[in-house]
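Participant: The structure is given below, and queries will be raised subsequently.
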Amino acid sequence: MNLNLRPIGIVRKNSIQIHKRWIKALRGIEGFSHLIIVFYLHLSRRPKLLMHPKGNKAIPKLGYLATRTPRRRNKIGLSVVRLIKCQRGQLFVEGLDVWPGTPVLDVKPYTPRDAVKNFKIPSWVRLLDVNEPDPLRRYSHSLHRTLGDSGKN
Ligand SMILES: C[S@@+](CC[C@H](N)C(=O)[O-])C[C@H]1O[C@@H](n2cnc3c(N)ncnc32)[C@H](O)[C@@H]1O
């Protein structure tokens with residue numbers, strides 16, 4: 001099957017510029033505090049089936065599908081971001097963890113059905129998060145504090 005995906009926008013610094021053709025489709029988005037953004041990680045290299053997450057040799061090699069590496073067969077990435085404001089087709093957001101110039105494939109509002117209350121993560125994820133500088137991870141830290149150290153409540 002051949003897929004023909006066309007970006008609907010592009011990542012700028014701390015914002016997403018939706019292409020003119022699709023701006024009308026943003027109507028109503030201001031009602032949501034958070035959005036799910038789907039990207040095409042255009043600069044990523046081919047995946048290796050097994051890899052050390054973030055190149056950290058202290059963690060055993062894992063399958064790439066068990067990680068959030070940008071090196072994936074279809075280069076698809078997604079982030080949950082906080083919507084600050086929407087102005088003339090520009091979504092100003094907090095929590096973007098991709099580079100300016102990254103093509104945006106889709107935007108979806110974040111709803112309660114996306115929130116998982118009881119979740120489990122392996123200990124290596126916590127190990128990597130300790131020094132994680134990006135804003136999305138800081139967001140998930142505060143979520144873990146809310147839910148307790150294991151992410152369970
Ligand atoms: C680990 S990925 C995760 C993205 C998203 N939160 C996800 O889980 O799909 C984010 C990292 O990919 C890299 N990256 C950012 N933009 C990229 C792009 N356009 N192409 C390839 N790699 C990118 C950066 O190193 C960034 O820290």
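Participant: Compute the distance in nm between two label points, each set 7 Å from the Cα along the Cα-to-Cβ direction, one at Lys120 and one at Arg73.
Facilitator: My value for the distance between the label points is 2.6 nm.
Participant: A follow-up question, please. Given a Förster distance of 35 Å, report the FRET efficiency between Lys48 and Arg6 from their Cβ-Cβ distance, rounded to the nearest 0.05.
Facilitator: 0.75
Participant: Ranked highest first by the average count of other Cβ atoms within 10 Å around their residues, in what order do 79-89, 117-127 fall?
Facilitator: 79-89, 117-127
Participant: Leaving out same-chain residues fewer than 8 places away, which lysines sit with a Cα under 30 Å from that of Lys120?
Facilitator: The reachable lysines, counting only those whose Cα sits under 30 Å from Lys120, are Lys48, Lys54, Lys57, Lys61, Lys75, Lys108, Lys152.
Participant: Count charges around Leu43 for me, please; just the other residues with Cβ under 11 Å from its Cβ, Lys/Arg as +1, Asp/Glu as -1.
Facilitator: Value of the local net charge: +3.
Read the figures in this text as sums done on the coordinates, not as results from a lab. Quick caveat: nothing in here was measured; it's all calculated off a predicted structure. Glycine gets a Cβ as well: all are built from the backbone with ideal geometry, and neighbour counts include every protein chain shown.
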